[in-house]
Each structure stands twice: as structure tokens, then as C-alpha cells.
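A.B. asks: Got a structure here, written out as C-alpha cells. Questions coming.
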Amino acid sequence: MNDESRAKTWLITGASSGLGRAMTEQLLERGDRIAATVQREDTLADLQQRYRENLSVTRLDLADTASVRASVEEAFAHWERIDVVVSNAAYGLVGAAEELTDAQIERQIAVNLTGTIQFIRAVLPRLRRQGGGRVVQVSSEGGQVVYPAFSLYHGHQVGHRRLRGERGEGSGALRHRLPHR
Ligand SMILES: NC(=O)c1ccc[n+]([C@@H]2O[C@H](COP(=O)([O-])OP(=O)(O)OC[C@H]3O[C@@H](n4cnc5c(N)ncnc54)[C@H](OP(=O)(O)O)[C@@H]3O)[C@@H](O)[C@H]2O)c1
């Protein structure tokens, strides 16, 4: 268990399931504080009941830039400082490119790529204002290797890699350190 002075505050997107939820649970368990974002309401009700003041939950739809900004605003307003921002939310899309509908393609790019860019753009000024912080972008081997029927997912992963300025073989989650002012 962390003592209060060593506890960190995290902002984690996509905390309702999978990796985001697992991180949220484990960090709360060790005494850290979490600003979690979810799309579906009440998915963290059990954790909210258990950890009460150490967990704040906001709604976020990465496809909606206004929702991205509002959610980041709410998280930073709730916590005095956020030490680590984990950009984790995304979803997979399976299907050959010519078989997918226009709407499926547009949503995949809007959520996984544009939404991620807008989320990071929204958090960076706040991290600078507080004097620093870390951004962890959860990524996938899908930016480096190719599977059949995953071309749209691979497309956004390559976008992530270029966004990070990554050149060689990178790790799944790349950490950026902001210069302190
Ligand atoms: N699973 C894998 O094999 C794998 C492998 C490599 C990398 N990854 C990466 O790991 C990360 C987490 O994946 P996972 O497997 O844990 O996924 P997951 O269980 O499906 O969880 C995805 C999370 O993203 C959220 N999300 C989806 N669409 C969203 C939107 N439009 N706006 C906001 N949030 C949205 C979901 O929210 P709701 O549930 O509330 O809709 C959910 O909390 C992703 O970035 C993924 O690319 C996964």
C-alpha cells in the first residue's frame, strides 16, 4: 500500500474494461488516485463504492472533441494535480478494407486516431501548467506487424507511431517527459 505522500494521481481513458480497468483496479488497490473515463455509464460503480474519494469517473467519447475537452477539464478540475495520463481507450475493427462501410472506417479513425490526438492536445497544456507530468500512449504490435482483415486498425496504429515521433522498433507504451518550466 502506498503512503499518502507517495500516492500518484492518474487519468486513464477506457477504464470500463480490459487493460484500462485492470490498471485502474490495481492502482486503486495500492493507494493511488484515479480519474477514469468511460463511455458506458455505471461500468465502474463497484469500484466507486469501494474506493469512493480516490476514484472520479467522467464520460468520454473520443469521437466527439467537445466531450474529450470537457472530460479532461473535469478530471483536472477534480484533482489538484494529475501525475500520469494514460491514453488507453480504443477499439478494434475487423474486416477487409473494401468490405467495411464508410461509417465504420470514419468512426475507427475518429475514435482511435483523431480522438487520441485531441485527447493528448487537451492534456498537454494542463500538464505544462502544473509543472510537468507523463503521458503514456497505449499502443499495439499492430503498428509494426500486419494481420489479415485488420488494415484499418493497423492504419491508426501507424498514425500513433508517427504522432510519437517513433522511428525504430518502439515499445508498446511510450512515455513522454514534458520539459519543466
Ligand atoms: N486486446 C488486445 O489484444 C490489444 C492488443 C494490443 C493493444 N491493445 C490496445 O490496448 C488498449 C486497450 O484495449 P483493451 O483490449 O483493453 O480494450 P477493451 O477491453 O475493448 O476496452 C476498450 C476501452 O476503450 C473504450 N472506448 C471504446 N471506444 C471509445 C470511444 N469512442 N470513446 C471513449 N472510450 C472508448 C471502451 O469504453 P466502453 O467499454 O465504455 O465502450 C473501453 O473502456 C487499446 O488502446 C488497444 O488498442 C489491445
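Every number in this text was worked out from the coordinates using simple rules, so none of it is lab data. Note that the coordinates shown come from a computational prediction; the quantities given were computed from them, not determined experimentally. Every residue, glycine as well, gets a Cβ built from its backbone with ideal geometry; the counts of neighbours run over all protein chains shown.
A.B. asks: To the nearest 10 degrees, how steep is helix 18-29 against the longest Cα principal axis of the chain, on a 0 to 90 scale?
C.D. replies: 10
A.B. asks: Based on DSSP, what percent of beta bridges with both residues in the chain are antiparallel, to the nearest 5?
C.D. replies: 25
A.B. asks: If you don't mind, another one. Within 10 Å of each residue's Cβ, count the other Cβ atoms and sort Arg40, Arg134 from fewest upward.
C.D. replies: Arg40, Arg134
A.B. asks: Oh, and also: May I ask for the angle, rounded to the nearest 10°, between helix 151-163 and the longest principal axis of the chain, with both axes built from Cα atoms and the value confined to 0 to 90°?
C.D. replies: Here the helix axis deviates by roughly 50 degrees.
A.B. asks: Hey, what's the per residue convex hull volume over the C-alpha atoms of the chain, in cubic angstrom?
C.D. replies: 121
A.B. asks: Treat the count of other C-beta atoms within 10 Å as a stand-in for reagent exposure and order Thr24, Thr116, Thr43, Thr58 from fewest to most.
C.D. replies: By the 10 Å Cβ count, ascending: Thr43, Thr58, Thr116, Thr24.
A.B. asks: Further question: Need one number: nm distance between label points at Glu99 and Gln130, each 7 Å from Cα along Cα→Cβ, rounded to one decimal.
C.D. replies: The answer from the label model is 4.4 nm.
A.B. asks: For the chain, which span is the longest to avoid every loop-located (per DSSP) member of GluC sites (Glu not before Pro) having at most 13 other Cβ atoms inside 10 Å?
C.D. replies: 100-168
A.B. asks: Only counting other Cβ atoms within 10 Å, I'd like Val57, Val136 sorted with the fewest neighbours first.
C.D. replies: Least to most surrounded, the residues fall as Val136, Val57.
A.B. asks: Enter the angle in degrees (range 0 to 90, nearest 10) between the Cα long axis of helix 116-129 and the first principal axis of the Cα atoms of the chain, meaning the one along which they spread out most.
C.D. replies: Between the helix axis and the principal axis of the chain, the angle is about 30 degrees.
A.B. asks: Step through the residues of segment 92-101 one at a time and calculate ³J(HN,Hα) from phi using the Karplus curve (6.51 cos²θ - 1.76 cosθ + 1.60, θ = phi - 60°), rounding each to whole Hz and writing x for Gly and Pro.
C.D. replies: x, 9, 9, x, 5, 3, 6, 8, 6, 7
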